[in-house]
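Take a look at the structure below.
Since every read-out is calculated from the coordinates, none of them should be taken as a lab result. Note that the coordinates shown come from a computational prediction; the quantities given were computed from them, not determined experimentally. Quick reminder, even Gly has a Cβ in these numbers, built from the backbone with ideal geometry, and neighbours come from all protein chains shown.
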Amino acid sequence: MADVAELEQGLSRLEYDDIIREIEQQPRWRHVADKEMDYADGNQLDSDLLRRQQELGIPPAIENLIQPALLSIQGYEANTRTDWRVTPNGERDAQDVAEAINFKLNEAERESKADRACSDAFASQIACGIGWVEVSRESDPFKYPYRCKKIHRNEIHWDMQAQEPDLSDARWLRRTRWMTADRIALAFPEHKDLISAAGKHGGQWWMDETMAMEGGDSTGLENSWNDGRSWTQMENRWYNAETKELCVTELWYRRWERVPVIKAPNGRVIEFDSNNLQHTVAVASGAAKPTMATIAKVYRSYWLGPHKLFDGKTPYKHRHFPYVLFWGFKEDATGIPFGYVRGLKYAQDSLNSGLSKLRWGMSVVRVERTKGAVAMTDEQLRRQVARPDADIVLDEQHMARPGAKFEVIRDYNLTQQHHELLQDSRATFERVSNVTAGFSGRQGTATSGRQEEAQIEQTNQSLGRIMDNFRVARTQIGELLMSMIIEDIGSTPDEVLIEGDAITPDKLVQLNVETRDPATGQVYLNNDIQRIRLKVTLEDVPSTNSYREQQLYALTEAIKPLPQEYLAAAVPFLTQLMDVPFKRDLIEAFRAVREQPSPEQIEEQTQQAIADALAKANTDIKQRELDIKERKADSEIKNLDAKAVQIGVQAAFAAMQAGAQVAQMPMIAPIADEVMKGAGYQRPNPAGVDPNFPTPAEVAAMDIRSPYVQGQGAQAGSEQLGEMGEVQNNTSPQFPPVAQEPPSAMTGIETPNTNDNMPGA
């Protein structure tokens, strides 16, 4: 057995007794709810009215109109069902996380059978006003880790003083389950001795001395023996002597405590944990300031009669009981739930009784006879008259008497009042429930489609309140599932592949990815699901097959008159609305076709390729032409250079010849100058230096009067050679030495330069 001190820290047995007594003092509504569910199921023959009619000999008759009305409302819920949608609650840059959790939540919706559980709870909600769904973890490791299951209303008792629809302010909630002792022992192996003893002897197991005395303290039954002996509740509340089953009580309760809390920068409020390093750092750095607040903490305990089997904190991170309440309608004074059957059962009794009386009236047979007219007893006569093949034997002697009479009277005539009464009883159902014939799929009083749509819309409006309560409860189921999903992921890195559709491609979202801040070097989790506030809402557009078909039809009719290009743009949306078994393959095929070019695009690409090829070929030709022109230009330049050299050589040669002629005949120099001027020659200004011709300095080193005399002294003239010494011999082999000329008579009359030959010189 578990440690006694540990168990005593939780809910005490006195508190448990108080809860049981409070349950006993709650309003008596469950038998009424059971009766209303019988009407919904068609079990209507045990009504008081039909029972009194049966005593009068009127046979019962049933025309169940409650069930079709409820089935129509259930069908409306199924056809307008929407998917859950996870949205970031004011968080920036959290859309990827919301989409990833939304994908996992929709998967949990399918695998945990949440839709089926909600529909089953809805059936009880609209009938008797209350339904329950359990949102918990699956104990079987071979199944999906989460489960949603409808719980019968009589298994659960709750604090009826609570005012919130989600029972967030309820003090306690109790669920009872009848199970065999061996199965209970598997769940609580530390109490197997107690459970086995209770399964054999029931509530009086403690009277067996061998169970308490022989086992001693080792069995752990000593304290349980005292609890069982002092228990004052009736045994049949938790022990069935016929089936040997035990009733295990699962009790969830809240404790209100004063605890320190801190508020994150994003607005999220967290209970301060001194053992959490991040909480301590946030408080020490001033990023968060702890404050005291009164909060409710959830606990659970298990009881077997007066014996507490377990007591501890809730295994879930959320702050709710794992049972979601589906409210129908609720009495203002007492808080008793009720549904549509409360107002329909009286009309159903009236219809059933009217049919019984009608059929009874059609089968009534009256006999008028004198005493002794038949040769059988009165009971035999009644049985024969009621038969369609009656065989009645008359007393011949009696009938021979004067005044003897025997007459059978049958009344097959129905009055108009009978028909009006039945029709009024049937019309009462539409007036009370507001579920019209068109809403139920039957032919009603509408004479046009617009009128029938108006009647259906009226029914939808009358269902607004109860459908709103259903959406609130279903949203809470999504919140509880999301809480368990986030808890299981924790801080572990995870990848979620969000499957795309015909419109959106596949998307890979990474959660809890360790990332280092480049500025500070601090490691943090990117897409941390523990730090992002998320909320669950319901889509505005129903997700049922019938509704998608309606949308598909409406969209198809809308795009029919549009041009072809608009049809191509709408094809992905049409594909998304289709409900076919190979939808995924169709989407992939459509993507492949969409990626392939159309005939027009192929033609355009072909024309573009041809144009590019032509343009490239034309470019190559032009490039070759430019190369040829460039080579031709280079050749022409070289030719011009060669011609220039040739001309220069010729000019130089001619100049040298002219110079030689001028040197030999100085008197022709002025004539040559005039000829050059006449040809257009202009002396450069300033005069340039031609590298191909001797410079004036070089020319000054030569004595033009004696081409054989070069070097120093030539500038002075040959007349001064005598003063400078001996004649300098030329060492060149081409110019042999020349002996010194003797003085001549012409000395003094030679022209030293060509300018002397000019007029006026």
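Miscellaneous remarks
- With 0.36 nm allotted per residue and the present C-alpha distance subtracted, the GLU138-ARG30 stretch has 35.9 nm of extension available.
- With the highest mean first, a sort of the peptides 129-136, 555-562, 191-198 on other beta-carbon atoms found within 10 angstrom per residue produces 129-136, 191-198, 555-562.
- Distance (nanometres) between label positions extended 7 Å along Cα→Cβ at GLU396 and ALA569: 10.3 nm
- A Förster radius of 60 Å combined with the Cβ-Cβ distance from GLN161 to ASP585 puts the calculated FRET efficiency at roughly 0.60.
- Sites GLU190 and ASN89 - FRET efficiency at Förster radius 51 Å, r taken between beta-carbons, to 0.05: 0.75
- Considering only PHE326, SER285, ALA296, the residue lying farthest towards the positive end of the dipole of segment 270-328 is PHE326, judged by Cα position with unit charges set on Cβ.
- Gain on full extension, evaluated as 0.36 nm per residue between GLN657 and GLN417 minus their Cα-Cα distance, stands at 70.7 nm.
- Dipole magnitude of segment 90-207 about its Cα centre (Cβ charges: Lys, Arg +1; Asp, Glu -1), debye to nearest 20: 700 debye
- Our estimate of slack between THR334 and ARG110, defined as 0.36 nm per intervening residue step minus the Cα-Cα distance, is 76.9 nm.
- Pairwise label distance in nanometres, ARG548 with ASN275, each label 7 Å out on the Cα-Cβ vector: 4.8 nm
- Spin-label model, ASP17/ALA78: points 7 Å from Cα along the beta carbon direction are separated by 5.0 nm.
- The residues THR280, THR619, THR80, when put in order of fewest to most other Cβ atoms within 10 Å, stand as THR619, THR280, THR80.
- Bridging of LYS632 to lysines at a Cα separation below 28 Å is possible for LYS616, LYS622, LYS643, once same-chain residues fewer than 8 apart are set aside.
- R0 of 30 Å, Cβ-Cβ distance ASP673-ASN639: FRET efficiency to nearest 0.05: 0.35
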